[in-house]
Amino acid sequence: MAAQTTAAEMAAQATAAEEAATPQTDGGANYAAERQAAKHKFQQGDYEDAIKIWTGCLAHGCDAATLQANLAEAFLRVGRPTEAEKACDAALAVADAPEATTKKALLRRARARLCRRDFEGCIADAKRVGKAAASILRRAEKRIPTLLVPRDAPTLRAAVSDASCALVL
């Protein structure tokens, strides 16, 4: 019985190898299927696989801004804000990107910058997006470090060296 199972497995592997070796005649259908698979993986919470598939889709050269914006969201979901910011930068660098994609990329870059504690950059991006980023803007503005200096401190240097000066995050 084990020999029959092994033979069946070998036949299945050979068939899969032949299908992989066969060139795709319709690259557009393959690309669309890959994007759909990545979307499904993302919706299922399998963000790492979605990242791999979307990264592969970038080789097709289609919808680069949308793919980069999607990658940014996936990177944010797995806790990689630096890579998310880079993906947003790449999406924003595409000259003919749709306005909706540009807004998504700015919003996601604002979230990535908030995660990285780059509050000024976060606020700048959130202001460019407008009302859609109001909650991110409020969170970033609350977290900007503020130096509380006593009024009677002779200089800022003296205040910083004094224990009565505090940095509020």
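The values are calculated or read from the model by the stated rules, or taken from the named source; none is laboratory data. Bear in mind that the values here come from a model prediction, so they are computed numbers and not experimental data. Cβ: placed from backbone, ideal geometry, glycine included. Neighbour counts: every protein chain shown. Accessible surface areas use protein heavy atoms only, side chains included; no ligands, DNA or RNA. Shrake-Rupley method; radii C 1.70, N 1.55, O 1.52, S 1.80 Å.
Some notes on this structure:
- Look at (1) farther than 24 Å from residue 43 by Cβ; (2) open to solvent by 70 Å² or more (accessible area, probe 1.4 Å); (3) not acidic (Asp, Glu) and you find that residue 124 fails only one, number (2).
Residue-by-condition table, conditions (1) more than 24 Å from residue 36 (Cα to Cα); (2) modelled with pLDDT of 90 or more:
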position	(1), (2)
57	no, no
72	no, yes
98	no, no
105	no, yes
140	yes, no
143	yes, no
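- On inspection, residue 136 does not qualify as touching a Leu at 6+ places or on another chain (Cβ under 8 Å), at pLDDT 85 or above, open to solvent by less than 40 Å² (accessible area, probe 1.4 Å) and within 21 Å of residue 69 (Cα to Cα).
- Of all residue pairs spaced 6 or more apart or on separate chains, those with beta-carbon atoms under 6 Å, a first member in the stretch 114-140 that is more than 19 Å from residue 99 (Cβ to Cβ) and a second member that is basic (Lys, Arg) and surrounded by fewer than 18 Cβ atoms within 10 Å (Cβ to Cβ) are 119/143.
- Residue list for the stretch 75-117, filter: among the β-branched types (Val, Ile, Thr) and part of a loop (DSSP other than H, G, I, E, B): 78, 94
- Some residue of the stretch 5-28 being closer than 28 Å to residue 102 by Cβ, under 25 Å from the mean Cα position of the chain (by Cα), surrounded by 10 or more Cβ atoms within 10 Å (Cβ to Cβ) and at pLDDT below 90: yes
- When restricted to residues that are closer than 15 Å to residue 113 by Cβ and either open to solvent by 40 Å² or more (accessible area, probe 1.4 Å) or of a type outside the set (A, V, I, L, M, F, W, C) (or both), the stretch 60-83 contains 6.
- Pairs where the first residue, in the stretch 73-87, is touching a residue at least 24 places away in the same chain (Cβ under 8 Å) and the second is crowded, with 21+ Cβ neighbours inside 10 Å and not in a helix (DSSP H, G or I), C-beta under 7 Å, 6+ apart: none
- Count of the stretch 31-54 residues, restricted to those that are surrounded by 15 or more Cβ atoms within 10 Å (Cβ to Cβ) and either of a type in the set (Asp, Glu) or over 17 Å from residue 111 (Cβ atoms) (or both), is 11.
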